[in-house]
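For reference, the structure discussed in these notes is given below.
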Amino acid sequence: MFEMKPEYMTGITMIDEEHQKLFELADQLYDLLNNDFIHDKFDYIVEVINGLKEYAKKHFKDEEEYMMSINYKRLFSHKIEHQAFLEKMEGLDLESIDEDQKQTCLELLGFVSDWLVNHILGNDILIGK
């Protein structure tokens, strides 16, 4: 469901590969939600969400280091967007996820997907130009 589309490509291999991984992690959570063979998914959900948060941190660090290396003029505003995403992810109430796993995770996936697509198309794509 969540996939890296050709129009999301920046032309910078490292960034594109890391974006691909972020989409894969979102898709992993979606697949988990729709797996009827696992009844209590809470521990698995937390594991995937934590993996997504940690990988986002790694990706943002790598991307920001790359932008510094090319003296990218929009680095500061870019870092602010990254920080806002991480704050949203860190602020997740895991207890609310346990109460209504599917609905809460679908809302989270909507946020992650919208943020990724809008950030890539509105900001990251400019790094490669």
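Just so you know, all these numbers are worked out from the coordinates, no wet-lab data involved. This is a predicted model, so every value here is computed, not measured. A quick note on method: Cβ atoms are made from the backbone with ideal geometry, for glycine too, and the neighbour counts reach across all protein chains shown.
I'm trying to understand the selection: among the residues of the range 1-41, which are among the basic types (K, R) and without any contact (Cβ under 8 Å) to a residue 40 or more places away in the chain?
From the range 1-41, those among the basic types (K, R) are 5, 21, 41; that's our starting set.
K5, K21, listed by residue number.
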TODO: Go through the range 87-99 and give me each residue that's assigned to a helix (DSSP H, G or I), touching a residue at least 24 places away in the same chain (Cβ under 8 Å) and more than 12 Å from the chain's Cα centre (by Cα).
DONE: E90, L94, I97, D98
Task: Flag for K41 being among the basic types (K, R), loosely packed, with under 15 Cβ neighbours inside 10 Å, over 14 Å from the mean Cα position of the chain (by Cα) and at negative phi - done: no
- [ ] Just one of (1) in a helix (DSSP H, G or I); (2) farther than 29 Å from K41 by Cβ trips up L109, so point out which.
- [x] (2)
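Condition check: among the aliphatic types (A, V, I, L, M) and out of contact with any helix residue (DSSP H, G or I) (no Cβ under 7 Å at 6 or more places or on another chain). Does L108 satisfy that? Even if it seems obvious, please write down each step before you answer.
Working: among the aliphatic types (A, V, I, L, M): yes; out of contact with any helix residue (DSSP H, G or I) (no Cβ under 7 Å at 6 or more places or on another chain): yes.
The answer is yes for L108.
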- [ ] Please list, ordered by first then second residue, the pairs with beta carbon atoms under 7 Å, 6 or more apart or interchain, first in the range 111-129 and over 16 Å from K5 (Cβ atoms) and in contact (Cβ under 8 Å) with a residue 60 or more places away in the chain, second of a type outside the set (D, E, K, R) and surrounded by fewer than 16 Cβ atoms within 10 Å (Cβ to Cβ).
- [x] I127/Y72
Open item on the list: in contact (Cβ under 8 Å) with a residue 12 or more places away in the chain, part of a helix (DSSP H, G or I), surrounded by fewer than 13 Cβ atoms within 10 Å (Cβ to Cβ) and not hydroxyl-bearing (S, T, Y): which single residue out of K61, K79, K102 fits that description?
Closed with: K102
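Among the residues of the range 45-58, count how many are over 14 Å from the mean Cα position of the chain (by Cα) and without any contact (Cβ under 8 Å) to a residue 12 or more places away in the chain.
Start the filter on the range 45-58 by keeping residues that are over 14 Å from the mean Cα position of the chain (by Cα), which leaves 45-47.
Next cut, without any contact (Cβ under 8 Å) to a residue 12 or more places away in the chain only: 47.
Summing the residues that are over 14 Å from the mean Cα position of the chain (by Cα) and without any contact (Cβ under 8 Å) to a residue 12 or more places away in the chain in the range 45-58 gives 1.
I'm checking my understanding of the structure. Among residues of the range 31-47 that are in contact with a Cys (Cβ under 9 Å, 6 or more places away or on another chain) and not basic (K, R), which one is nearest to G91 (Cα to Cα)? Quick ask: steps written out before the conclusion?
The initial filter retains those residues of the range 31-47 that are in contact with a Cys (Cβ under 9 Å, 6 or more places away or on another chain), namely 32-33, 41, 45.
Now restrict to residues that are not basic (K, R): 32-33, 45.
On the way: L32: 22, L33: 21, I45: 16 Å.
The qualifying residue nearest to G91 (Cα to Cα) is I45.
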